[in-house]
Number of protein chains: 2
Amino acid sequence: MIIAVPDSAAGLSAVDGLTRRVAGLLGAREWLDACLARIDAREPTVQAWVTRDAERARATADKVDITSSAAPLAGLPIGVKDVIDVAGWPTGCNSPLESGCVASATAKAVRRLEAAGAIVVGKTVTTEYAFVEPGRTRNPHDPARTPGGSSSGSAAAVADFHIPVALSTQTGGSIIRPASYCGIVGYKPPYGWVPSDGMHYLAPSLDTIGLHARTVADIARVAAVMEERALPVASAPPCFALLRPAPAETQPAMTQAVVNAVSALRAAGANVRETDLPAFSAELDVPHRVVMSVEVARSFAALTADRRGLLSESLRAFIERGERISGDELAAAQAVVARAKSKLAAYTGEILIGPAAQGEAPVGLTSTGTAIFNRPWSLLHVGVITVPVGLGPNGMPLGIQLIDPSPAGEWLMSAAAFAERAFAQMQSHSSGRAA
Amino acid sequence: MIIAVPDSAAGLSAVDGLTRRVAGLLGAREWLDACLARIDAREPTVQAWVTRDAERARATADKVDITSSAAPLAGLPIGVKDVIDVAGWPTGCNSPLESGCVASATAKAVRRLEAAGAIVVGKTVTTEYAFVEPGRTRNPHDPARTPGGSSSGSAAAVADFHIPVALSTQTGGSIIRPASYCGIVGYKPPYGWVPSDGMHYLAPSLDTIGLHARTVADIARVAAVMEERALPVASAPPCFALLRPAPAETQPAMTQAVVNAVSALRAAGANVRETDLPAFSAELDVPHRVVMSVEVARSFAALTADRRGLLSESLRAFIERGERISGDELAAAQAVVARAKSKLAAYTGEILIGPAAQGEAPVGLTSTGTAIFNRPWSLLHVGVITVPVGLGPNGMPLGIQLIDPSPAGEWLMSAAAFAERAFAQMQSHSSGRAA
């Protein structure tokens, strides 16, 4: 169920659109209007948006066109997950508790993109406070399935060509997993490189603002602005290290997708070795829940009992779990983190790969799927990126996650670009064979 | 003001005492009694102990002698900081809030040492809950001066030959700084290697159980049991990297001690290069306060207002600071940590060195000195060790801290042994010259 690329400018990648704009072949207003038209046509089905302000966006686009801005992202339409502040709009967090609160300032990450010329089209649907209670967004590849979460709207809107790039956040697996389910690229930066102030925190020591886009090049272009850094470009193929499979936790199609990915990377000239680091282990999953629940409890500590009653059952239970965590439990969890980081240090210079999700997006909208393959890397603060690798038996996308074990994650982007090319070559070969 | 080594077995290092016991030249009971006699003689001046139980310790020592135990630490007398549980004794934390509470179980770190034959002589004085409010302990080199804190009693007792080894804890600089003030070796393990359950937590993600002893070899012997790991032995001199001096924060005698230390390391054949990592920076100090205060607030959250009134003003103020920290502040602090870790990764394979404290132990008992040179490393979870390097203008000890930037800290112990030898050679040369 591949989504047909729109004929309009809405079908352009960020890099292509920006290139055409600079060349005078595309106006910012034209690009924006194509995106707005696409949203109008598709939103009833996909339901990716909370707030949109076409007039505000058009006014900004017109200004870009009049001034012929040469800013690096001038004219790029973007969406912003509705846990991140944009001045003048509510930050709804998909909770009745936030109704009526309008943000007075724009989050720093968004300000950096706006300063570079990006145009915020609107706010995208999140699960309740970026935790697990789903929003109404559907998977554009199959509206009967979840797009994943918590960055549901951002992933779905990008996959469905509403916008080329969206801001998302991840605390467990909220960028990487929806990217896999929606067949797009998702990037969770290494912790600490994108300023997070101006977001509604779930767990401040884990919450990371990142991106959804349809190509690695688009992610790289926007991330460079958001992180204010230029990454090195690799001159040789990356060395990949395969996470130890977790067959009991992985659907056969995803297991096969990982095998295919390894073959494709090797065919493209990369070295791929096996590792002893697990794709899933309870040893790292439990500490994530411990650290996160303690911080979530703190984030919601100021709520009165009355107002706490307006939270979902699942979020309330998680807060209560966090309140009960003992010092011994928290210290034991942090000890596991520290020791896992020392194991990870042995992989510096390599890129870890494994499944980005258990398999295809689950049927139904009552759950956004599980983040068991993602939580360890969020906990370890490393940079992660999803690269789509093919389709499963139901025609739904599958993604591979790439992880840079070094704290700065400098080589992740060039490794992802390599993998994206390798996977595309594999697909063109296999369709060539089928023909 | 060097303390004369006692003629008795109390003057022995852990390694020497253990060696003599195994050779049949020293009974466990004899060793213990020598320590108890030393404590009786010196305690009125030093005031390092809270709880002692000579009968319990003697019964254990007699058992060691009768069974001729071959356990690796059989007969080693140790002290335990009074924030760590020993079954049957109160864990007083130097607070009226804990009076009457007797620990029902022994902390895991202590259990490991007891299982290896170590004999707990008693509990040593801590500052209030291992925060800043001083206990009554005096510096054995000069009773008018602080021994440092929060592990005041452990450092003073070891320096004064009450016991060869004591368990201590560090959240900011509570092991490394008192070791410098008392002229002994202090070891803060890399976070996560010593189990901390059974301690009274201040900030669980920072609190680390470590050791005070008079030699690096003693620390290595006991740490191997406490961490349950064997460290590699270096075959070549370590590469040292000197932290950028902080002249405004450092007393001239300490600045000179660092210069002397570098000369001694070079004379002993080591390479020492200068670095751009600062010995002190507000950039890392503030995040330590933020992360720590948030966790301290949580540790004391269950106290009723009445009972909170029994805390010191300084601890109450710190708790209130923690309660006020916003998500933005906490995330910004954690971002600094993450980025500092990525800078630190560039020094893997080297050992960082710098001052362990600002200078000699301050006069007076109203403050235990400041931890500004220690907090960054506690925050970054790396292993640190103090090695004494000489005396200041008032005859008080000065220590150098060595830091292993890698998360497992495997090379710290052999580097410290190298530095200890190098500093000893320097001192014998200079006294040779003076003679």
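A few notes on this one:
- D_trans [Stokes-Einstein, Kirkwood Rh over alpha-carbon pairs] for region A:292-341, 37 °C, 0.692 mPa s, µm² s⁻¹: 278 µm²/s
- Derived scalar couplings ³J(HN,Hα) [region B:299-315; Karplus, 6.51 cos²θ - 1.76 cosθ + 1.60; whole Hz; x for Gly, Pro]: 4, 10, 5, 7, 5, 6, 4, 4, 6, 4, x, 8, 7, 5, 3, 5, 5
- Length-normalised contact order of chain A in % [C-alpha pairs under 8 Å, at least 6 apart]: 18 percent
- The residues packed around A:Ser174, meaning those with a beta-carbon under 11 Å from its beta-carbon, carry a net charge of +3 if Lys and Arg are +1 and Asp and Glu are -1.
- Extension reserve of the A:Ser99-A:Asp16 stretch, reckoned as 0.36 nm per residue once the Cα distance is removed: 26.1 nm
- Residues B:Leu284, B:Leu76, sorted so that the one with the fewest Cβ neighbours within 10 Å comes first: B:Leu284, B:Leu76
- Calculated diffusion of region B:261-335, Stokes-Einstein form, Kirkwood radius summed over Cα pairs, 20 °C and 1.002 mPa s, µm²/s: 140 µm²/s
- Cα pair distances in region A:322-421, grouped into 5 Å bins until the bin that holds the longest one, percent each: 2, 11, 18, 18, 16, 14, 11, 7, 2, 0
- The dipole here belongs to the protein assembly as shown: it is taken about the Cα centre, uses +1 on the Cβ of Lys and Arg and -1 on the Cβ of Asp and Glu, and is about 780 debye.
- Net charge of the neighbourhood of A:Arg298, taken over other residues with C-beta under 11 Å away and scored Lys/Arg +1, Asp/Glu -1, is -3.
- Amide H contacts under 5 Å for B:Ser174, placed H, 5+ residues apart: B:Ser150
- Using a 7 Å projection from Cα along Cα-to-Cβ, the label point at A:Gly24 is separated from the same position in the remaining copies by 10.2 nm, smallest value first.
- GNM flexibility winner over chain B from B:Ala248, B:Ala71, B:Ala14 (Cα, springs under 10 Å): B:Ala248
- The helix-based estimate of mean residue ellipticity at 222 nm for chain A, built from -39,500 (n - 2.57) per DSSP H run of four or more residues and divided by its residue count, is -12500 deg cm²/dmol to the nearest 500.
- Around the amide H of B:Val125, modelled in the peptide plane, lie the amide H atoms of B:Trp49, B:Val50, B:Gly153, B:Ser154, all under 5 Å away and 5 or more residues distant in sequence or on another chain.
- Across the identical copies, the label point of B:Ile66 (7 Å from Cα in the Cβ direction) is separated from its matches by 9.7 nm, in order from shortest.
- Range of Cα positions in region A:83-214 per principal axis (Å), largest first: 37, 32, 28
- Close amide H partners of B:Ala241, meaning residues 5 or more places away or on another chain with modelled amide H under 5 Å apart, are B:Arg273, B:Ile351, B:Leu352, B:Ile353.
- Every Cα-Cα pair in region B:1-145 was counted, and those over 27 Å apart are 25% of them.
- Taking other C-beta atoms within 10 Å as the exposure proxy, A:Ile319, A:Ile66, A:Ile403 rank A:Ile66, A:Ile319, A:Ile403 from fewest upward.
- Exposure proxy for B:Arg229, B:Arg138, B:Arg289: other Cβ atoms within 10 Å of each Cβ, ordered fewest to most, give B:Arg229, B:Arg289, B:Arg138.
- Coordinate range along principal axes, alpha carbons of chain B, Å, largest first: 62, 60, 40
- Cα-based radius of gyration of region B:239-434 once divided by 2.2 N^0.38 Å, which approximates compact folds: 1.16
- Within the listed set A:Gly309, A:Gly390, A:Gly11, the Gaussian network model of chain A (springs between alpha-carbon atoms below 10 Å) gives the highest mean-square fluctuation for A:Gly309.
- Label-to-label distances for A:Val259 across copies, nearest first, come out at 6.9 nm, using points 7 Å from Cα in the beta-carbon direction.
- Karplus (6.51, -1.76, 1.60) ³J(HN,Hα), θ = phi - 60°, over region B:173-181, in Hz, Gly and Pro reported as x: x, 7, 10, 5, 5, x, 4, 5, 5
- The residues packed around A:Met413, meaning those with a beta-carbon under 12 Å from its beta-carbon, carry a net charge of -3 if Lys and Arg are +1 and Asp and Glu are -1.
- One way to sum up the overall shape of the protein assembly as shown is the equivalent ellipsoid from its Cα gyration tensor, whose semi-axes run 55, 27, 25 Å, largest first.
- Working note: Karplus 6.51/-1.76/1.60 with θ = phi - 60° gives region A:95-104 the couplings 9, x, 5, 9, 5, x, 8, 9, 5, 8 Hz, where Gly and Pro are set to x.
- Selected from B:Ile325, B:Ile353, B:Ile372 as most flexible by GNM, with chain B as the system and alpha-carbon contacts under 10 Å: B:Ile325
- For A:Lys123, the lysines whose Cα comes closer than 25 Å to its Cα, not counting residues fewer than 8 places off in the same chain, are A:Lys63, A:Lys81, A:Lys108, A:Lys188.
We did not get these values from a lab; they are worked out from the coordinates using the rules stated. All figures in this text were calculated on a predicted structure; none of them were measured in a lab. Positions of Cβ are generated from backbone atoms using ideal geometry, with glycine treated the same way; all protein chains shown enter the neighbour counts.
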